[in-house]
Amino acid sequence: MKCMMKSLVLPLTVTAVLTSHAGAAQSAQTNAASAPKANTQTSDLFGNSVLAKGKGVEIKRSKLDAEVIRAKAQMAANGRPISPEQTVMMEQQILEQLINVQLLEAKATDADKAAGKAAAEKKFEDAKAKLGSEDALNRQLKIMGATREEVLAKWAEALTAETVLKRELKINITDADTKKFYDDNPSRFEQPESVRASHILLTTRDPVSGTDLPDDKKAAKRKEMEGLLKRARAGEDFAKLAKEYSEDPGSKDKGGEYKFPRGQMMPEFEAAAFSLKTNQVSDIVTTSYGYHIIKLSEKFPAQKVDYAKAASDIKDGLAAQAMQKQFPDYMKALKKDAGVEILDEKLKIKETPDAAGLPAGHPPVQPAAKPDTKSK
């Protein structure tokens, strides 16, 4: 399910700007070696080598390893496990992000840090609200291998860096800029037909590795789902069944409920949901995630999102675009001034300028991305 595991992901603007190369979820170089061994030149007794250093910058192997493990766990829980070949690229990109954050933190004022902390706390509360309960939030934290304090600290760090960037790069998106983008791009705010539906998922994937379960375990899950389908169609409370049996951590505490337009869910899931009548329960639907039963609650016709609802997302998107344009040169100058060195050759990203003059793999500068116009 594309909706799973999104609520605790670092805010899009932060990750898009602080990482100077394409994300780890993109296709990795297939000729990369397995996870690189740290350079031992500066290792201490426990092999916790320094991977990158400079004025105000020091990234140790233990720090990188912790971030990579956390990222891998989250990707696996989202059904996208990272292969050994992809691990090298992930390590390079996360190291780059850690360097960027440390450089920007060094320029942060007390006001910047206070703003970053407040923004992180708001993001955390928003995540909890979307997940539906404190228990659901705690489960996702467990999957991520992180505590509340660790996530808040990480977000505060990144959002402080974003605040510094906006100030240093003099990013100022006005209400007039936002309204102009809305008026000039009407098609971007056309919200397609959507549904509000609940589901119960019995997953056929290993929750840690993301690999398929053996056939006998799949058969047992199918049999269990057949029993749940009978109970749902006999009139039992669907939300209660979802809370008790569903293995989708993103929705079970909300009774399995999602609201989504066409094009967001797995094709098999979407086709079943949109074909149902109100309060109808589907047959068993099989996707790559496992077995689902779906109950439709409501259908919503296509409509245009009001400017008031879209304005905040437009402003964030325009700010991210403006920062992205200036970011590579700005960070290059900061790294040069700080004398930043990456001490492990395998962790150095090869920067071959492309036609746009950006490092190879850097996201191209494009018009502001379509804001998230889903109902909040």
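The values are calculated or read from the model by the stated rules, or taken from the named source; none is laboratory data. Keep in mind that this is a model prediction, so the values were computed, not measured. Because the Cβ atoms are built from the backbone with ideal geometry, glycine has one as well, and the counts that use them run over all protein chains shown.
Is the stretch 159-171 home to any residue that is among the polar types (S, T, N, Q), closer than 30 Å to A118 by Cβ, crowded, with 18+ Cβ neighbours inside 10 Å and at pLDDT below 95?
yes
Can you tell me how many residues within the stretch 181-217 are farther than 24 Å from A311 by Cα and out of contact with any strand residue (DSSP E or B) (no Cβ under 9 Å at 6 or more places or on another chain)?
8
Take the conditions modelled with pLDDT of 95 or more, within 26 Å of the chain's Cα centre (by Cα) and under 23 Å from D135 (Cβ atoms) and apply them to L228. Does it pass?
Values: modelled with pLDDT of 95 or more: yes; within 26 Å of the chain's Cα centre (by Cα): no; under 23 Å from D135 (Cβ atoms): yes.
No.
From D283, D337, grab the single residue that is within 30 Å of Q97 (Cα to Cα), surrounded by fewer than 16 Cβ atoms within 10 Å (Cβ to Cβ) and of a type outside the set (A, V, I, L, M).
Numbers: D283 fails: within 30 Å of Q97 (Cα to Cα).
Exactly one of D283, D337 is within 30 Å of Q97 (Cα to Cα), surrounded by fewer than 16 Cβ atoms within 10 Å (Cβ to Cβ) and of a type outside the set (A, V, I, L, M), namely D337.
Check G317, G290, G227, G255 and return the single one that is surrounded by fewer than 19 Cβ atoms within 10 Å (Cβ to Cβ) and small (G, A, S). Can you show your working first?
On the way: G317 fails: surrounded by fewer than 19 Cβ atoms within 10 Å (Cβ to Cβ); G290 fails: surrounded by fewer than 19 Cβ atoms within 10 Å (Cβ to Cβ); G255 fails: surrounded by fewer than 19 Cβ atoms within 10 Å (Cβ to Cβ).
Going through G317, G290, G227, G255 in turn, the sole match is G227.
If you take the residues of the stretch 53-63 that are within 20 Å of G339 (Cβ to Cβ) and either small (G, A, S) or part of a helix (DSSP H, G or I) (or both), which of them is modelled with the highest pLDDT? Give the derivation first.
Looking only at the stretch 53-63, we keep the residues that are within 20 Å of G339 (Cβ to Cβ), and these are 53-60, 63.
If we keep only those that are either small (G, A, S) or part of a helix (DSSP H, G or I) (or both) as well, we get 54, 56, 63.
On the way: G54: 94, G56: 88, K63: 91.
Out of the qualifying residues, it is G54.
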